[in-house]
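S.K.: Below are the structure tokens for one structure; questions will follow.
The values are calculated or read from the model by the stated rules, or taken from the named source; none is laboratory data. This one's a predicted model, so the numbers in the text were calculated from it and none came from an experiment. Cβ placement follows ideal geometry from the backbone for every residue including glycine, while neighbour counts extend to all protein chains displayed. Keep in mind that these areas ignore ligands, DNA and RNA; they rest on the heavy atoms of the full protein, side chains included. Shrake-Rupley method; radii C 1.70, N 1.55, O 1.52, S 1.80 Å.
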Amino acid sequence: MVEMTFFWVVLGVWLGLALLSLVALIKISAPYGRHMREGWGPRLPRTAGWVIMEAPALLVFLASAFWAASGPRWQNLPALLLSAMFILHYVYRVMIYPFRLRGGNTRMPISIVVFAVFFNMANGYLQGRYLHVLGPLYSAAWLTDPRFLFGGALWAIGWAINLHADEVLLRLRKPGERGYKIPHGGLYRWVSCPNYFGELIEWTGFAVACWSPPAAAFAIWVAANLIPRARTHHLWYRETFGEAYPPARKAVIPFVF
Ligand code: NDP
């Protein structure tokens, strides 16, 4: 099979899985973190789980870029900058975030990790391969195109929101402490899950900046995954904290949802 055909098949199947995942996540919450429960098979430590889940996105992205006769397009500045957006996010997510988690040595189901590994492998391949081998080469003019400028700015704002919101959560617990508290500050003023909101903004920005089918599919995947989870978190906060929980707070999109 010509690789381009393989690429579109992977993209199509991957998008189909996003829709299936959306339907599934509306009905059942993914069993990790506060929604952890019995019946999902053997588990492994959470830190290892995060590294194993997220590393394939980074490794497969790099392998897909390098594994080509022409070599990666690092000398093409737009491709380099777009790759940097992806790589920076995942370097943090794989090498820093998992080691800062607090709340004791909790575990997550291997089934969740396996599913996420497949998601991230497919995504690493789709983004890396299209940017560096299969997609059209960006011209230098792309650097001043409004789509690149606006998308790049959105990406940066989204990542900053995501990092700040995760930081607030990580600091809620003192080392060794367990349990959950009501988070405050930043976008927690308006939503229960600004970390997910940031991630949505970030990958929507990346999709606009790349202006490519795989980047758009990634943004759709993130929305299919995180919007239902944000709703589940939001309902959990309301149920757990009752009237103490800020009543005007939405789940994930300020003033909307
Ligand atoms: P959560 O918000 O569920 O949890 C993040 C961390 O903060 C966990 O360690 C959690 O502990 C802790 N925490 C959360 N709420 C509280 C609270 N109220 N009080 C004390 N501690 C709290 O995020 P996820 O674990 O689902 O995701 C982590 C990051 O990964 C996010 O930035 C998210 O955007 C990103 N992500 C991206 C996905 C994508 O599709 N691109 C998919 C999934 C996640 P505990 O584990 O004990 O609950």
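S.K.: Residue by residue through region 185-196, note down the ones that are assigned to a loop (DSSP other than H, G, I, E, B), open to solvent by 20 Å² or more (accessible area, probe 1.4 Å) and either near the ligand (Cβ under 9 Å from one of its atoms) or under 13 Å from Ala248 (Cβ atoms) (or both).
M.R.: Across region 185-196, the qualifying residue is only Trp190.
S.K.: For region 205-220, check the following and say yes or no: at least one residue is closer than 20 Å to Leu25 by Cα and surrounded by fewer than 19 Cβ atoms within 10 Å (Cβ to Cβ).
M.R.: Checking region 205-220: at least one residue is closer than 20 Å to Leu25 by Cα and surrounded by fewer than 19 Cβ atoms within 10 Å (Cβ to Cβ).
Rundown of residues vs (1) hydroxyl-bearing (Ser, Thr, Tyr); (2) without any contact (Cβ under 8 Å) to a residue 24 or more places away in the chain; (3) over 24 Å from Leu11 (Cβ atoms), yes/no style:
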| site | (1), (2), (3) |
| --- | --- |
| Tyr90 | yes, no, no |
| Leu126 | no, no, no |
| Ala141 | no, yes, yes |
| His164 | no, no, yes |
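S.K.: With the requirement that a residue be aliphatic (A, V, I, L, M) and either within 22 Å of Ile253 (Cβ to Cβ) or open to solvent by less than 40 Å² (accessible area, probe 1.4 Å) (or both), what does region 135-162 give you?
M.R.: Residues satisfying the conditions are Ala153, Leu154, Ala156, Ile157, Ala160, Ile161.
S.K.: Return yes or no: is Asn105 open to solvent by less than 20 Å² (accessible area, probe 1.4 Å), over 30 Å from Pro247 (Cα atoms) and in contact (Cβ under 8 Å) with a residue 40 or more places away in the chain? Break it down into steps so the answer makes sense when it comes.
M.R.: On the way: open to solvent by less than 20 Å² (accessible area, probe 1.4 Å): no; over 30 Å from Pro247 (Cα atoms): yes; in contact (Cβ under 8 Å) with a residue 40 or more places away in the chain: yes.
Considered against the rule, which asks whether it is open to solvent by less than 20 Å² (accessible area, probe 1.4 Å), over 30 Å from Pro247 (Cα atoms) and in contact (Cβ under 8 Å) with a residue 40 or more places away in the chain, Asn105 comes out as no.
S.K.: With the condition kept exactly as written, say whether any residue in region 31-38 is at pLDDT 95 or above and away from the ligand (no atom under 13 Å from the Cβ).
M.R.: Taking every residue of region 31-38 in turn, none turns out to be at pLDDT 95 or above and away from the ligand (no atom under 13 Å from the Cβ).
S.K.: Can you confirm whether region 3-10 contains a residue that is modelled with pLDDT of 95 or more, within 14 Å of the ligand (Cβ to nearest atom) and farther than 17 Å from Pro136 by Cα?
M.R.: Within region 3-10, not a single residue is modelled with pLDDT of 95 or more, within 14 Å of the ligand (Cβ to nearest atom) and farther than 17 Å from Pro136 by Cα.
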